[in-house]
Structure formats: C-alpha cells, structure tokens
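The values are calculated or read from the model by the stated rules, or taken from the named source; none is laboratory data. Note that this is a predicted model, so its numbers are computed, not measured. We place every Cβ from the backbone using ideal geometry, glycine too, and count neighbours over all the protein chains shown. Ligands, DNA and RNA are stripped out before the accessible areas are found, and what is left, the full protein with its side chains, is counted by its heavy atoms. Shrake-Rupley method; radii C 1.70, N 1.55, O 1.52, S 1.80 Å.
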Amino acid sequence: MTTTQRKPADVSEKQARRVAEAARESEWRKPSFGKELFLGRFRLDLIDPWPGPEPRPDADDFLARLEAYVRSEMDGAAIERDARIPDEVFHGLARLGAFGMKIDKEYGGLGLSNLHYCKALTLVGSVSPAVGALLSAHQSIGVPQPLKIFGSPAQKKAFLPRLAAGEVSAFLLTEPDVGSDPARLGTVAEPVEGGYRLNGVKLWATNGTVATLLVVMARVPDKGITAFVVEGDAPGITVERRNEFLGLRGLENSVTRFHDVFVPEENVIGGLGKGLRIALTTLNTGRLSLPAMCVGAGKRSLGIAREWSAQRVQWGRPVGQHEAVAKKIAFIAATTYAMESMLDLSCLIADDDRNDIRIEAALVKLFASEMAWQVADELVQIRGGRGFEKADSLSARGERPSEAEQILRDLRINRIFEGSTEIMHLLIAREAVDAHLSVAGDIIDPDAGLGRKARAGARAGAFYARWLPTLAVGRGQTPAGYAEFGPLAAHLRYVERASRKLARSTFYAMSRWQGKLERKQGFLGRIVDIGAELYAMSAVCVRARAERRERPEGAELADLFCRQARLRAEALFAALWDNTDALDVKAARRVLDGRYAFLEEGTVTPPSDKAWVAGWQPGPATVDDVRRRIPPPS
C-alpha cells in the first residue's frame, strides 16, 4: 500500500536553527587548538612538537602498491574523456583493498590511519579526481564511517566486510528542495511491522548509481531525522538519472527515488532521531578527505607551473623570471606547502585521539577548498591560452597534455561539497563563539525569562572577569618569544597577538550586536577566515621546525607563506569594521525586488517554463532505472 508522501515542510528560521543546534556536538571533552585560538589562547603545546605518526609498514606497503597501480593501470585522461570509471578500475582498487582503507582489519579492511588514508586519496586524486571522489564518498561519509562510530556489532559484521571487499556505498541526505536546511527533510520512514517503509527522493547522491549499500537520512514521524542502512537493490528503489557536472566527469552521482522501500528495524544506525548528529559527527573527520584532493591538485599545479615557466621564453627571459608570473608561482608553492601542512597536522592529531578536531577539520576543509581554487586559477593564467585549452587538444597538435583547465573545473565543487564555504563559515563561527554562548547565551536569547537572564548575567560576569584580562598581553609581545623557532619565531609571535585580537574583536561584536550577530555573516566569515590563516601559519612553522634537518628548505616556504598570510589576515582585520556589508544587503534586496532589472536589458534569455527547483511527487518511478552494477572480475 502506498502512503501519502510528506512534502518538505514550511519551517521557520527559528525552527531550522533549533534542529541544527540539537544535532551539533555540544560538549568539549578534549582540548582543541582551534577552539583555544578563537578564544585568544595560543596553545602551541597542543600541536608542537609535531605529532609523530605510528610506524605502519603495512600502510607504507599499501601506498607503494597503490602508486604502482595508478601509475600503470589507471588512465585519468580516459576517465575524463569518457566520463566513466571503467569496471576494471573498480576491480583493481578492490584487489588492493582501497575500498576498505578506513575499515578495521577485523572486518576485512586495512584499518589505515587518517594520515595514510589522506595520502592515498591525494595519490589517487592526482591521477583522477573522480576516482578520488568515489573512494572518499564511499568511506568518509558513506556506510563505513557512520557504522565505525555508531554502528552495532551486528551491523558492522553484516555490512563492513562487503564494503571492504569492493562493494560501493553512498550517503543520501540532500533532496531536490532541501540542501543545508535539513529541518525541511521530506523523505519519510513510516514505522511498519518489523521495520520502516521509506518514501522520498534524494538528489546528488555521490556514488548513487553504483552503490549497493546506502546511508539514507529520513524523518521518522514523532522521532526525528534518522539514519538507515539501506540495500541499494531493495525493491522500490529507482535510480532515475545520473547527474552531469562542470567537473569530476567520471563521478557516479544520482537522483534516487524510494517508493515503499522496506527497511528492517535492525538497520537503524545509532537510534531513532540521531541522524543529523551522526552526519555531523561523521563529517568531523570525514571532511579531511576533501583537502587531500586539494593538496594533490596543488602539487600537480606546482609541477606544471614550474616546468612550463622555466621553459617558456617571452621577452628574452623564461616567463617565470618575470615578476608578474613569479608572484603567482610563489603563491602556488607556499599555498601548497600550507595546505599539506594543515592537512597532515589535522590527520595526526585526529589519529592520536587526544584532541577534539572538529574545528581544525572544518578549517582545513574551508582553507584548502578556497585556496586550491585560487591556485588552479593562477595556473591557468600562467599557462595563458594553453591553460584554457583541453589536454587532448594540446596533445593532438604535439604539445604536452597538461590538464590545467580540468584541474580548475574539478576543484570548483570543493567549495560546495560537504558544506559550502558559506555554511562552513557559519558552522565554524558557531563553534568559535560557543564559550560565549554557554555563559551569556540567555542574555541575548529573546525567549529567555528574567530568571534565566539574571543567572546568565552572573555567569558571564565571572567568566569575563577572568577571561578579558588574558587578552591584554601575551608571549607574542615578548621579543624573545618562541625563539626556539629561529627565523620563524616572529610569525608565531604574530599568531599569538592576532589570536588575542581576534578574540577581542569577537567579544566586541557580541557586545555591539548581541543576538543580531548571527545575521552578521560577513563579519563572522572574516573572523573564521582569519582563524584559518592563523591555523595555517601555526602548522607550517611547527612542520618546518620538525623537518629542519631532513628538509631545511621547508623553512623558506613556511616563511614565504606566513608573510603572504599575514597580509591577508591584516586585510581581513581591517574589513571587520570597514566594509560595505550593510549596503550590500540593501542592494541585494533591491535587486531581488527588480529595481535594477534594467541592467539585464540587451541580452537574450533562453525561454523556459521549468522551475528553478524541480518538485517531486510521491509514487513509483515513471522513468527507466539507470543504475550501474559492476560485474565481478572475469
């Protein structure tokens, strides 16, 4: 029997925020370098000395075998050209164990650390970002990671060996009319005898066309959003289309319909109503996989820029010797070093399990996705017309097929994947002001009564009496501060001073705007971007010092990056208070009201009567199923 589908509800802004707030991990059981940084406490001791990775000969052997495979057997150009990952690549990766990199050995996986896992993704992504995305979506947000953290022993035993052996998983949250606002989720899991009946449509499911196991987020009436493991071939599931994108042309991304799909009750992950918390917790470490691809792109961009700029001669000199190009090369080199340093550090502190890395993982995702895009853009500019030309076209006329334009296209999605830049700004900002809200939140909460406000006032008074004096002076004002870092000490002194300035700025903003601060997204975004620059500066300095004997040239890159980052941070500090944010909001409202529609005159708009966001109707599919199943190796 078909049930009436619950369409996405009209949810108020307050309701949506409450849903998101209920899902976030509210307690801080472990120290966090990022959290302390935003509070004006430069806890260098949490990341220095550079954490030493556990010796893993088995992981090193896997990386060596993986490199040999992708070098000789994986044709990234063919995947890009055909928009398809061949069956043989699935088989080859399965034989190596690549689908079980994050799965514990007891379930047939490799049990790699976050560091080795991200090294593997960097390696694979440098040959084919589409394959890197396949492996990342399968393990970082697909079935393995939620089950690793929240799954029951029976669930792990039932599903993880299959995935480690080469079956593919996908994560299904987004819907046609629901993106970063899960409070409006329309997919419903209705309780029935022995389980749940699932109805709804999911959009942009990476790996959705090839996945045989799915994590599906659905609303259980009166219980909330819940995570389920769903068999990809269960009756009632239809893959209605494979989506096509600007980049990652080999990506197997689907629109998937669920019509009266039965899910056994033992397939609930972590309990009813825990779905969003599971998703957010999974992403705490899952977000590390995306910067791994950014690092690979940075390394590849640096190689192309270096070789081309040394050989291409214009005006009597190699183009890399002209200052305009030299500045771009320096930016690419320094930024790639910083992205790798941030990622490696975040992985290492995640692996030692002594620190809470939710802010660090979010910062490196934000920083790497934004900066890698700039790196690729500069690479295209360095290459000139050849940067705009496809690799196959270059090769057809006898030139080296460097894929600069593909790197640019493939990287663009990273500013949207797993939390857009705008959402990351808000997410990190919420964590950055958590200490303030925990003591003073009721003061600015319009729903709080006088009693709550009075108690909050007492808590806030005690907290700020202790905290504010610590923001006045610090080690960064001491000329000999951090002297053990040699020439890099000045940069760490800057980070310490800037951390306190950042905290003072946040406190002033809360005092000035109070509850309206959450709407000052321009301000909050700059606060977060400053924090990202400071984390990156800290990472490169600590890494360079740790590697000073075997790689002394790292200090040069660390110094270069810090000088560039300080300029960006100072510009962001200035823009906190000197900006056009309020005017921009007014102008945007006028644009939306049609006041400036005259600017659109003189162009031709393609005719279309289709909606900007496609609706969906409950019921069985009315189109053919386009799912792809990988046949067993012959």
Give just the number: which of (1) modelled with pLDDT of 95 or more; (2) surrounded by 15 or more Cβ atoms within 10 Å (Cβ to Cβ); (3) not small (G, A, S) does I141 not satisfy?
(1)
Among the residues of region 234-254, which ones are on the phi > 0 side of the Ramachandran plot and crowded, with 21+ Cβ neighbours inside 10 Å?
L248
Residues to consider are L121, L110; find the one that is of a type in the set (A, V, I, L, M), crowded, with 24+ Cβ neighbours inside 10 Å and over 16 Å from H91 (Cα atoms).
L121
Mind listing whichever residues of region 61-81 are outside any helix (DSSP H, G or I) and crowded, with 20+ Cβ neighbours inside 10 Å?
M74
I'd like to know if region 463-476 contains one or more residues that are modelled with pLDDT of 95 or more, assigned to a helix (DSSP H, G or I) and farther than 30 Å from T421 by Cα.
yes
Quick one: count up the residues across region 177-204 that are closer than 19 Å to P221 by Cα and either of a type outside the set (G, A, S) or open to solvent by 30 Å² or more (accessible area, probe 1.4 Å) (or both).
18
Among helices (runs of 4 or more DSSP H) lying entirely in region 292-407, which contain 1 or more residues that are buried (at least 24 other Cβ atoms within 10 Å of the Cβ) and out of contact with any Cys (no Cβ under 9 Å at 6 or more places or on another chain)?
323-351, 358-383
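Filter region 89-146 down to the residues that are outside any helix (DSSP H, G or I) and among the small types (G, A, S), then identify the one that is nearest to A372 (Cα to Cα). Lay out the reasoning, then the answer.
Taking region 89-146 and keeping what is outside any helix (DSSP H, G or I), we get 97, 101-104, 108-113, 128, 142-143.
From what's left, among the small types (G, A, S): 97, 108-109, 111, 113, 128, 142.
Numbers: G97: 29, G108: 35, G109: 31, G111: 29, S113: 24, S128: 16, G142: 25 Å.
The residue in question is S128.
Per-residue answers, yes or no, for (1) among the small types (G, A, S); (2) under 18 Å from R628 (Cα atoms); (3) surrounded by 18 or more Cβ atoms within 10 Å (Cβ to Cβ):
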residue	(1), (2), (3)
P153	no, no, no
F171	no, yes, yes
E175	no, no, yes
V230	no, yes, yes
How about region 187-279: which strands (runs of 3 or more DSSP E) wholly inside it have at least 2 residues that are more than 26 Å from I413 (Cα to Cα)?
188-192, 195-206, 213-220, 224-231, 253-264
Being open to solvent by 60 Å² or more (accessible area, probe 1.4 Å) and in a helix (DSSP H, G or I) is the requirement here; does E550 meet it?
no
Taking region 312-344 and keeping residues in contact with a His (Cβ under 9 Å, 6 or more places away or on another chain) and of a type outside the set (F, W, Y) leaves Q314
Here the residues within region 29-42 that are at pLDDT 95 or above and open to solvent by 80 Å² or more (accessible area, probe 1.4 Å) are R41
Filter pass, L248 being touching an Asp or Glu at 6+ places or on another chain (Cβ under 7 Å) and at pLDDT below 95:
no
If you scan region 448-462, which residues turn out to be open to solvent by less than 80 Å² (accessible area, probe 1.4 Å) and either in contact with a helix residue (DSSP H, G or I) (Cβ under 7 Å, 6 or more places away or on another chain) or not in a helix (DSSP H, G or I) (or both)?
A448, G449, K453, A456, G457, A460
Every residue in region 562-589 that is open to solvent by 100 Å² or more (accessible area, probe 1.4 Å) and in a helix (DSSP H, G or I), please.
R563, L567, W577, L583, K586, R589
Subset of region 543-592 that is closer than 30 Å to Y337 by Cβ and among the acidic types (D, E) - its residue that is farthest from the chain's Cα centre (by Cα):
E550
